[in-house]
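Student: Got a structure for you, questions after.
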Amino acid sequence: LVDREASLAVARTAGDAFREALRHTGCQTYICIAAFGADHDPDQCQYLSDRYYYINRGEVLAEVLAGGLGALLNSAGQCSVNLALPSGTSLEEPLPATLPLDAEGCLDHHVWLRVAEGSCGPISVEVQVAGAVVLRGTADAGSAERVASGSFEDHLFLIDLVALRLRRVARQLCGRKTVSADELNSLRERLTRAKATLQPTKDVAHSATGQLRGRAALRERLAEIEAARERLSYALGQFDERDTNDQRTIGSVALDAILRDAGQHVPQGPVAAALSRRADAASELPAPEKLSKYGTEYTTDAYSCCDAWELATQGDALFFQLGRMQPAAEGGFYSAEEGDGLIAHEAFVLLSKDGRQAIKCVGRDEGIAFLGLPLYASHGHFLRAQILLPEVLRRLTSSGVYQAGVSERQFLSLLGRALVSGPGKTESQLESLLHKARAVFAVLSSTLGSHSGTTLLDEVVGEAKQFLEEPGSRAGTTDLFAVAAAGLLVEGWNAARLVELAHAVVGECLRRRIAHALRGSGEPQRLCLAWALLGPQTGDAAWLDRPLPCPNAGEVHLDGNGIDPFSAPSELEELELDSPGLGAPRRVGAEVLLNILSSRCVDSNPQPKDWALLKQMLPAWGRLVDSSGSLASVWQSLDALMVDDDPAHLQDLHRSVAALRPPEQLPSTLRSTFGGEEEVTKVAMSVCLPNVGTTGSLRLQVAAKLREIVERRTALVRKYPIIGADFPKLETHSGETVRDVWGAPANPVDPALHHKAMMRVYRRTMKAGISMTTKEALADKEYRKRGGAFAFPSPMDTFIRGLHRRTMDLHQDWRVRLKRDTSGEEVRREAVAEMLLRLRWDDSDQKARRKLAA
């Protein structure tokens, strides 16, 4: 037998001793206990801990630990609060001995006092950390301020009051075994009144057109209170034997644990605390400026039905709409659908259910999925937008984490995309471009840079200048949209300078597209493409006028179609003698380039269809700045237009829009972007031959490299001839030496068809007991029967994969499994015909067929 009371006393004594021992360490401590099931004492757990969690059947232990333990580990520490109260004033509920601080060292906890009528006197507060007083303050009990009815503080007070009343209900039921019917009815009425009391707050907090500051914080606190109310309602049902709506039952221990957990006064959740601080920070900002007629009309949001000034008075701000987008891990976006419409941050959060679903809108099938660039309506409005930027930018990054001074670069990438959104620039798009550029300039200039005394704008401008002036640094730039956008923000760059920037950006875009297509190609393939690009000057240049992407473009093949590696060097040398330094891509070279630029490429750079517009818009921006006198003058005029009704400002806007409007809509072709073949060929050759000399004839250099590789391969294949059934005797038999001698193997032209053939053969031979190499050979044969073909990467590649092994497998299969005679000329011809089907080679090459069959 166990003496329960004695055991409890001993346990509490041990717990007190443990706490005392922790106190003597000089460190502030905080004890959490999470319990579940019926084999624990809720009262004892609550006594021994600073925070007691009960895990019921509707919750997961991991979630509670992630929330409670995660908050504990992220906490800056713990503290204790002591109050000295005057006569007639008492605590409404016990004050916890220890309270946790958040990650920033802030304490979020409110204390309820019961003050007798007419009571006054000083209330002293001390906050201690590790036994040392770190904060001390005094206020008179009669100095409490009354908040305005219907204000954020009024609603927040009401929520906290209801939370106190719910804790009273929980404490009233703690330790009870039974409750009378009358008391149950009374308690249910209190829960019903709690819900009814908060209904007006819930209505205003969930209204997209409401004009109350801090609605997000109210919604978060309401969710916490509603969860507590639902838990108490469930607990009440356990006391009522007449309640047949819920057949679930829990034991008395679990019921007591739920009530004790609900009766604890703990700080509000970290999200609610952060939102409350955000609302308080917005209220402390200077009053926003009144808007002009243009500013009011331009910034009126159809979703919140408020203009920028009205939203700023609520602590809210306007952002440009953004459709579907995919951020890139290295910065920028793989795709982003820029919009010109505006929407308030609070309206977006409400209507999109905190970003979980897109908002339907007119003219956009995919709707509004994200918030994009902020609007700079006025300085006061921008101050509110700055408070919201971390949350907006968090959603625009691939990691989902905001990094100050880094995440802001995403706005620069969006501005670059707005620069080329079109194809035809409407007046609305050009007007939005001005506002977007102004906002990005304000964001970057107000964001600290990585070096002391600099801003992020200084760093962005420096990177743009380096990109323009140092061509060798361009390959290290990850986001070319951002580089193009940076040109709009550089003070002192005229139209000529921006022409150079546009030329450098599109040139780098072309280089990257070709480099991406050649990323797995060897030197022979690159030389074949170089030969195709250095044809006679009399070539047809109509390919430069084909729209990008080409609707009839095919796959990118670099197999050197039309080149004879033995005669190509002499041909190039003769062309150079006839027309030194002059040439144009051959038809096959032009087709390869068009296929490369028309193929799907997932990157964060401007697409070929945008290059021509980019080369128009950057110089147009330069002409706008030149006509305005400076970039600062452009911003000053735009800012004045938003808050001043002077007609001159509106005339300036119309002149700016006219200056930005392209004189004509150029087609998305290489001629519109680069003018002629020479620049395209130059960029492509820099990728084909990255180490080629800058001086001397390109044709002669390519001819020398072609002759060198042909002579080297010829000497090596003669040194290591393939004779008989034995493998060639290489000094070092490795993949590298095999490629050096015979080059790369042939690959299926249609990989999807080859995969189907392979799966069919594998299913048919699943239980045949044949080797994997035989299955692979049969799969290649089946692929040929289905109409498939193989192709070598270049005419200088001759390696036939499995030539010896597959021949040995066929010989072994005929002798052992089929018991066939393998001697005689007829059998030999049959075996050769079978091997020509089983091997990977280009069967359209009759010369190769004769050699293999010999």
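Student: From the phi of every residue in segment 82-93, what ³J(HN,Hα) in whole Hz does the Karplus formula 6.51 cos²θ - 1.76 cosθ + 1.60 yield, where θ is phi - 60° and glycine or proline is x?
Tutor: Per residue, the Karplus-derived 3J(HN,Hα) values read 10, 10, 10, 9, x, 5, x, 10, 9, 6, 6, 8 Hz.
Student: Just read off the accessible area of S283 with the full protein assembly in place, 1.4 Å probe, to the nearest 10 Å².
Tutor: Answer for S283: close to 60 Å² accessible.
Student: Let me ask another. Normalised by the residues of the chain, what does the relative contact order come to in percent, with Cα pairs under 8 Å and at least six apart? Working shown, then result.
Tutor: Numbers: 1217 pairs, mean separation 70.3, N = 854.
Relative contact order here is 8 percent.
Student: Taking only Cα atoms, what is the 0 to 90° angle, nearest 10, from helix 751-764's long axis to the longest principal axis of the chain?
Tutor: It is inclined by approximately 90 degrees.
Student: With a 1.4 Å probe and all protein chains left in place, how much of the accessible area of the chain comes from carbon and sulfur atoms, in whole percent?
Tutor: 53
Student: Determine, from the Cβ-Cβ distance of D750 and N552 and an R0 of 25 Å, the FRET efficiency 1/(1 + (r/R0)^6), rounded to the nearest 0.05.
Tutor: Efficiency at R0 = 25 Å is approximately 0.85.
Student: Where Lys and Arg each count +1 and Asp and Glu each count -1, what net charge lies around R764 among other residues with Cβ under 10 Å from its Cβ?
Tutor: Every neighbour counted, the sum reads +3.
Student: Solvent-accessible area per residue for the chain at a 1.4 Å probe radius, Å²?
Tutor: Accessible surface, normalised per residue, equals 50 Å².
Student: Next up: Per-residue ellipticity at 222 nm for the chain, helices alone: DSSP H runs ≥ 4 residues times -39500 (n - 2.57), over residue total, nearest 500 deg cm²/dmol?
Tutor: Computed ellipticity for the chain at 222 nm equals -16500 deg cm²/dmol.
Student: Between E92 and C27, how high is the FRET efficiency from 1/(1 + (r/R0)^6) when r is the Cβ-Cβ distance and R₀ = 30 Å? Nearest 0.05.
Tutor: Numbers: r = 31 Å, r/R0 = 1.03.
Efficiency, from the Cβ-Cβ distance: 0.45.
Student: Another one. Just to confirm a number: summing +1 for Lys and Arg and -1 for Asp and Glu over residues other than C174 whose beta-carbon lies under 9 angstrom from that of C174, what do you get?
Tutor: Local charge sum for C174: +1.
Student: Angle check, please: helix 698-719 long axis (alpha carbons) against the longest principal axis of the chain (alpha carbons), in degrees 0 to 90, nearest 10.
Tutor: 80
Student: Multiply the residue separation of R176 and T192 by 0.36 nm, subtract the distance between their alpha-carbon atoms, and state the gained length in nm to one decimal.
Tutor: 3.6 nm
Student: 5 Å is the cut-off here: which amide hydrogens, built 1.01 Å from N in the peptide plane, fall below it relative to C79, excluding neighbours closer than 5 in sequence?
Tutor: Result for C79 returns L99, L101.
Student: Mind ranking T138, T397 by accessible surface for me, highest first, 1.4 Å probe?
Tutor: Solvent-accessible surface, decreasing: T138, T397.
Student: As a test question: what accessible area, to the nearest 10 Å², does R806 have when a 1.4 Å probe is rolled over all protein chains in place?
Tutor: Ignoring ligands and nucleic acids, R806 comes out at about 10 Å².
Student: Please list, ordered by chain and number, the residues whose modelled amide H lies under 5 Å from the amide H of F799; skip anything fewer than 5 residues away on the same chain.
Tutor: Excluding prolines and chain starts, which carry no amide H, the hits are A744.
Student: DSSP loop (so not H, G, I, E, B), at most 13 other Cβ within 10 Å: list which trypsin sites (Lys or Arg not before Pro) in segment 488-581 pass both filters.
Tutor: R519
Student: Which of W814, A553, V401 sits farthest toward the positive end of the charge dipole of the chain, with +1 on the Cβ of Lys and Arg and -1 on the Cβ of Asp and Glu?
Tutor: Value computed over the given set: W814.
Student: From the C-alpha coordinates alone, can you work out the Kirkwood hydrodynamic radius of segment 323-388, in Å?
Tutor: Value: 13.1 Å, from the Cα pair sum.
Student: Hey, another quick one. Using amide H atoms built 1.01 Å from N in the peptide plane, name the residues 5+ places from L113, or on other chains, whose amide H lies under 5 Å from its own.
Tutor: The answer is E92.
Student: If you don't mind, there's one more thing I want to ask. Using a 1.4 angstrom probe on the protein heavy atoms only, line up K202, K360, K682 by accessible area, largest first.
Tutor: Listed by decreasing accessible area, they come as K360, K682, K202.
Student: Next up: Can you compute 3J(HN,Hα) from phi for each residue in segment 387-404, using the Karplus curve 6.51 cos²θ - 1.76 cosθ + 1.60 with θ = phi - 60°, rounded to whole Hz and x for Gly and Pro?
Tutor: Result, rounded to whole Hz: 5, 8, 4, x, 5, 5, 5, 4, 6, 9, 10, 5, 7, x, 10, 7, 10, 4.
Student: Give the range of the longest stretch in the chain that excludes all GluC sites (Glu not before Pro) found in loop regions by DSSP and having at most 11 other beta-carbon atoms within 10 Å.
Tutor: Answer from the scan: 331-490.
Student: Note the angle between two axes, namely the Cα long axis of helix 587-598 and the longest principal axis of the Cα atoms of the chain, as a number of degrees from 0 to 90, rounded to the nearest 10.
Tutor: For helix 587-598, the angle is close to 10 degrees.
Student: When you take every Cα atom in segment 267-377, what is the radius of gyration, and what is Dmax, the widest Cα pair distance, in Å?
Tutor: Computed over the Cα atoms of segment 267-377, radius of gyration and Dmax are 15.4, 46 Å.
Student: So, R0 is 56 Å and r is the distance between the beta-carbons of V499 and F157; what FRET efficiency does that work out to, to 0.05?
Tutor: Once the sixth-power term is evaluated, E becomes 0.35.
Student: What distance in nm separates the two pseudo spin-label positions at A632 and M808, each 7 Å out from Cα along the beta-carbon direction?
Tutor: Placing both labels 7 Å along Cα→Cβ, they lie 8.1 nm apart.
Student: If I model a spin label at S80 and Y334 as a point 7 Å from the Cα along the Cα→Cβ vector, what separation in nanometres do I get?
Tutor: Here the modelled spin labels are 5.5 nm apart.
Student: For I709, I387, give the ranking by accessible area with the largest first, probe 1.4 Å.
Tutor: Result of the area sort, largest leading: I387, I709.
Student: Within segment 581-638, which trypsin sites (Lys or Arg not before Pro) sit in a loop by DSSP and count at most 12 neighbouring Cβ atoms inside 10 Å?
Tutor: Within segment 581-638, the qualifying trypsin sites (Lys or Arg not before Pro) (loop, at most 12 other Cβ atoms within 10 Å) are R600.
Student: In the structure displayed, which of K425/K609; K360/K425; K729/K819; K202/K360 lie more than 26 Å apart, Cα to Cα?
Tutor: Long pairs (Cα-Cα over 26 Å): K729/K819.
Student: What residue among T732, M766, V710 has its Cα farthest toward the positive end of the dipole of segment 683-769, where the charges are +1 on Lys, Arg and -1 on Asp, Glu, each on the Cβ?
Tutor: Among T732, M766, V710, the one farthest towards the positive end of the dipole of segment 683-769 is M766.
Student: Taking θ = phi - 60°, what integer Hz values does the Karplus form 6.51 cos²θ - 1.76 cosθ + 1.60 yield along segment 171-183, in sequence order, with x for Gly and Pro?
Tutor: The phi angles translate into 5, 5, 9, 4, x, 7, 9, 9, 9, 5, 5, 5, 5 Hz.
The values are calculated or read from the model by the stated rules, or taken from the named source; none is laboratory data. Note that the structure is a prediction, hence the values are computed from the model and not measured. Using ideal geometry, Cβ is built from the backbone for each residue, glycine included, and neighbour counts are taken over all protein chains shown. Keep in mind that these areas ignore ligands, DNA and RNA; they rest on the heavy atoms of the full protein, side chains included. Shrake-Rupley method; radii C 1.70, N 1.55, O 1.52, S 1.80 Å.
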